[in-house]
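**Student:** After the structure tokens below, expect a handful of questions from me.
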2 protein chains.
Amino acid sequence: MEDPRWLSPQEQRAWRAHLAAHRLLFYQLDRDLQGSGLSLNDYEILVNLSESPEHRMRMSELADATIQSRSRLSHQISRMEAAGLVVRENCEDDRRGTFAVLTGRGWEIIQKVAPDHVVSVRRHFIDLLTPEQIALLDEIYTPVVNHLQSVRSPR
Amino acid sequence: MEDPRWLSPQEQRAWRAHLAAHRLLFYQLDRDLQGSGLSLNDYEILVNLSESPEHRMRMSELADATIQSRSRLSHQISRMEAAGLVVRENCEDDRRGTFAVLTGRGWEIIQKVAPDHVVSVRRHFIDLLTPEQIALLDEIYTPVVNHLQSVRSPR
């Protein structure tokens, strides 16, 4: 077997900077949300539901949108159901499964929390970058996202 | 209270592309490691230990290096200890706590898995980018990482 093409020092730095930036950012945004009682995962689920018609999504679509396994999402939705943020609904006419639906309380909370969350995203990420860098991120990540979605195996 | 400065469409796209790229990448790299019995978190802990003098690190340093809480790391190390990859050692002369130490088996495994992991990092990320984009990522994320490390509260 040939030697693997190890990462060059520059590639290594970029890769580690990407990992570290994401982890630190996730940690900080999650921490900034603590006062609201939501985790960053909760927040993203509420955002996805709040942007969907009738504030509802199939569990399978929600798992795809938030990039997590069905089983992990299911545990998460159970916790959010217990907190009164969402409910599960089965559609009798439709065998394709269960929906997650935003409750009135979930809708109230996402509207209350969103302004603080955007301050936090700006402070710890967006406002640290120039407009050119922001445009570049989009350009850099779009092919990565497309590639990864195409190789992602069906659940 | 003033209206929050909501993200512009461009900022929103960049932010979401960053999140999606990271999540999909994490999912894929974790999946590619499955055959080896390691998770991506296990892998990073093994890499950190293998690059440290005498293959050992204080738990507190390892938590900082891998950007996770002490308690989460502690659970993770217990699982890895059960798998024979690392051991915990207490240093009697040093009250600053416990070390995690790579075992011979952990060292063997990281050497065996690393070549496949680098193929996976190249295939799903590095080789999708131009050298200019790679240099830019480093430039874009370094101030973000520095900022986030400076605001990160001490444990």
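The values are calculated or read from the model by the stated rules, or taken from the named source; none is laboratory data. Source: prediction; values computed, not measured. Here the Cβ is made from the backbone with ideal geometry for all residues, glycine too, and neighbour counts use every protein chain on show. Side chains included, ligands, DNA and RNA excluded: accessible areas come from the protein's heavy atoms. Shrake-Rupley method; radii C 1.70, N 1.55, O 1.52, S 1.80 Å.
**Student:** Working only within the range A:61-73, note down all residues that are in contact with a helix residue (DSSP H, G or I) (Cβ under 7 Å, 6 or more places away or on another chain) and in a helix (DSSP H, G or I).
**Tutor:** Hits for the range A:61-73 are A:L62, A:A63, A:A65, A:R70, A:L73.
**Student:** Residues being in contact (Cβ under 8 Å) with a residue 60 or more places away in the chain, at the interface with chain A (Cβ under 10 Å from one of its Cβ atoms) and not in a helix (DSSP H, G or I): count how many of those fall in the range B:98-155.
**Tutor:** Summing the residues that are in contact (Cβ under 8 Å) with a residue 60 or more places away in the chain, at the interface with chain A (Cβ under 10 Å from one of its Cβ atoms) and not in a helix (DSSP H, G or I) in the range B:98-155 gives 1.
**Student:** Of the numbered conditions (1) under 17 Å from the mean Cα position of the chain (by Cα); (2) without any contact (Cβ under 8 Å) to a residue 40 or more places away in the chain; (3) assigned to a helix (DSSP H, G or I); (4) within 11 Å of another protein chain (Cβ to nearest Cβ), A:V47 fails exactly one; give the number of that condition.
**Tutor:** So the condition that A:V47 fails would be (2).
**Student:** How about the range A:1-22: which of its residues are facing chain B (nearest Cβ under 7 Å) and assigned to a helix (DSSP H, G or I)?
**Tutor:** Across the range A:1-22, the qualifying residues are A:Q10, A:E11, A:R13, A:A14, A:W15, A:A17, A:H18, A:A20, A:A21, A:H22.
**Student:** Tell me which residues, restricted to the range A:87-118, are surrounded by 14 or more Cβ atoms within 10 Å (Cβ to Cβ) and touching a Lys or Arg at 6+ places or on another chain (Cβ under 8 Å).
**Tutor:** Once the filter is applied, which keeps residues that are surrounded by 14 or more Cβ atoms within 10 Å (Cβ to Cβ) and touching a Lys or Arg at 6+ places or on another chain (Cβ under 8 Å), the range A:87-118 yields A:T98, A:F99, A:A100, A:V101, A:L102, A:V118.
**Student:** Let me ask another. State whether one or more residues within the range A:83-95 are under 25 Å from B:R31 (Cβ atoms) and assigned to a loop (DSSP other than H, G, I, E, B).
**Tutor:** Within the range A:83-95, none of the residues are under 25 Å from B:R31 (Cβ atoms) and assigned to a loop (DSSP other than H, G, I, E, B).
**Student:** Please tell me if A:L25 is in a loop (DSSP other than H, G, I, E, B) and open to solvent by less than 20 Å² (accessible area, probe 1.4 Å).
**Tutor:** no
**Student:** For residues in the range A:28-38 being open to solvent by 20 Å² or more (accessible area, probe 1.4 Å) and farther than 19 Å from A:G84 by Cα, which is modelled with the highest pLDDT?
**Tutor:** Checking each candidate, the answer is A:D32.
**Student:** Mind listing whichever residues of the range A:45-86 are out of contact with any strand residue (DSSP E or B) (no Cβ under 9 Å at 6 or more places or on another chain), modelled with pLDDT of 95 or more and crowded, with 19+ Cβ neighbours inside 10 Å?
**Tutor:** A:Q76 - this is the single residue of the range A:45-86 that is out of contact with any strand residue (DSSP E or B) (no Cβ under 9 Å at 6 or more places or on another chain), modelled with pLDDT of 95 or more and crowded, with 19+ Cβ neighbours inside 10 Å.
**Student:** Among the residues of the range A:22-32, count how many are more than 13 Å from the chain's Cα centre (by Cα) and touching a residue at least 12 places away in the same chain (Cβ under 8 Å).
**Tutor:** 2
**Student:** So is A:N41 at pLDDT 95 or above and either part of a helix (DSSP H, G or I) or under 12 Å from A:V101 (Cα atoms) (or both) or not?
**Tutor:** no
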